[in-house]
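The structure appears below as structure tokens.
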Amino acid sequence: MSSRFVKANIFILIGNFIFRIGGYIYHFLMSTLLPSYFYGILAIFLTTLGNFQILSAGGIPPAIAKYLSEYLSLGENALAKQVIYSSLKIMTLLGLLFSFLLVFFISPYLAFNYFKNPDYLIPLCMISLIIPFSIIAGVFRAAFQGLYKTEYIVASRGAEQGFMIVFSVVLVIMGLSVVGAILGSVFGYIASAIISFYLFKKYILKLIPQPDEEVKFSSKDELKLMKKLIWFAIPVCIGALSEMVLLTVTSIIIASLLSPVYVGYFNIANTLARIPLMLPNSIATTILPASASANATKDNKLLDKYISESYRYILIIIIPLCVGIALLSKQIIGTIYIYRPEYMYGSVSLSILIIGMGFYSIFSISTSIIQGVINPRIPTYLLILGAILTVILTYTLVPIYGIEGAAIGTTITSIIMTVLVITIILKIKKTIGSILPYLKMIIASLIMGLCLLELTSLTFLPLWSQTIVGFIIGVVVYFFVMLFLKGFTKRDVQLLKGITDKFGSLSSFFNKAYDLMIKFS
């Protein structure tokens, strides 16, 4: 079981990284091919789609994974299959309901009354084309997860993203503008649903043993099972929706107060600002079960080690990354969007947002620890609070500061949530390790930042040159300051060496750096 669990986690970690990169490619291509006005409309479509996918799923997929795995381990094979069929019925009903509401009530209201822009109507209505296929894929992916076949999740999501990118680009180039980009998304979800169904029928069904005798479920029995699934799913749905609102509601509020052009500018900044979330999202997958296991066995020493190392390995990368992006935001956007210089309007928002996402990275790791050690409901309460705070602050600050106001509101919320979650952990665990390693990272990052400030004053260099030079200087300065401060440990060297030894001839280059790290550790 343990090897299967590790393998499943590895596939999820790799998949999350690949799909995050794929998402950046998609946004880059769409924001480059579409005028900023229509890219802003596409951003609202994607945001609204994400929220309605959560509502249509109703938190059921995690319930499928949980009870499918549970019933199979108990030998309740008939119940295991029924979980999948009953879940599909629930999600289909939810999907039909929200698709109907979207087309006839929600989309017209948003377009004409909230956004006051009819250009939003067709894109929002087209969400109803995606929801049915999203539901099918969601049910089967949950079954893959429940059986630890996460490689099939990667295949399904890969088909979705690949088809989405290819068809969106082709249809936009053909002149279909934002409608073409959305149709490309529709084709992506269709492909995902087909691949998921094929994998389930060919490979997954045979992994669920046939019951010894045929079991027929009465309507009463099925309703009882559905109630169990829904009861588990409700807090999951609320938590997921709260996080979605926290991270995306700013774009919706901007669209209600400003032109879609500004939504496009802000979405560029918001997309780039989420780069720091790649690492904590991956580590969170493994820290939850690890901390839960250590807590269950009362191994406080091991638990403290998990907690302190999780924070350390996140912050040793996140702190300099956030400082670097904040100081080089104009250069980064100018380099990526060399053919769309108007997007540099979002550079100040990026500088502010990246700090907020740095704090949110700490929050993500902390909530995983809380789920494994304290109370799994606490993160949901914090996310609800964060969503409410973000709405209030965005409505207050956007009329005053424009899109920078939305960035300020998101960052303030992230800081408050992080302080609260760290306070909760400290009350239970009393410590998260020595503060000295984090001070060294902050000092090294600030010195690196001073060097980057000097670089940004060299206006005779083109933006792309400043970006490349800034990256090189940032890495070198941070590395040597950390060496001087003895900020690296022998454990760091062992972990890095295990990774880079697989790089062939390049490994000798890294070994020289490791020799320095060991010498100064």
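Quick check: anything in segment 367-383 farther than 20 Å from T423 by Cα, of a type in the set (F, W, Y), in a helix (DSSP H, G or I) and not assigned by TED's automatic domain parsing to the domain that holds P462?
No, there is no match, as no residue in segment 367-383 is farther than 20 Å from T423 by Cα, of a type in the set (F, W, Y), in a helix (DSSP H, G or I) and not assigned by TED's automatic domain parsing to the domain that holds P462.
For K490, which of the numbered conditions (1) in contact (Cβ under 8 Å) with a residue 40 or more places away in the chain; (2) touching a Ser or Thr at 6+ places or on another chain (Cβ under 8 Å) fails to hold?
Among (1) in contact (Cβ under 8 Å) with a residue 40 or more places away in the chain; (2) touching a Ser or Thr at 6+ places or on another chain (Cβ under 8 Å), K490 violates only (1).
From P62, P123, grab the single residue that is more than 26 Å from H27 (Cα to Cα), in a helix (DSSP H, G or I) and of a type outside the set (S, T, Y).
P62 is the lone residue from the list that is more than 26 Å from H27 (Cα to Cα), in a helix (DSSP H, G or I) and of a type outside the set (S, T, Y).
Among the listed residues I378, I384, I392, identify the single one that is at pLDDT 95 or above and closer than 28 Å to S251 by Cβ.
I392
Have a look at L93, L74, L42 and point out the one that is crowded, with 19+ Cβ neighbours inside 10 Å and hydrophobic (A, V, I, L, M, F, W, C).
On inspection, the qualifying residue turns out to be L42.
Suppose we filter L303, L207, L258 for residues that are at pLDDT 90 or above and over 20 Å from G358 (Cα atoms); which single one remains?
None of the others qualify; the one that does is L258.
The values are calculated or read from the model by the stated rules, or taken from the named source; none is laboratory data. Owing to the predicted nature of the structure, the values given are computational and were not obtained by experimental measurement. Every residue, glycine as well, gets a Cβ built from its backbone with ideal geometry; the counts of neighbours run over all protein chains shown.
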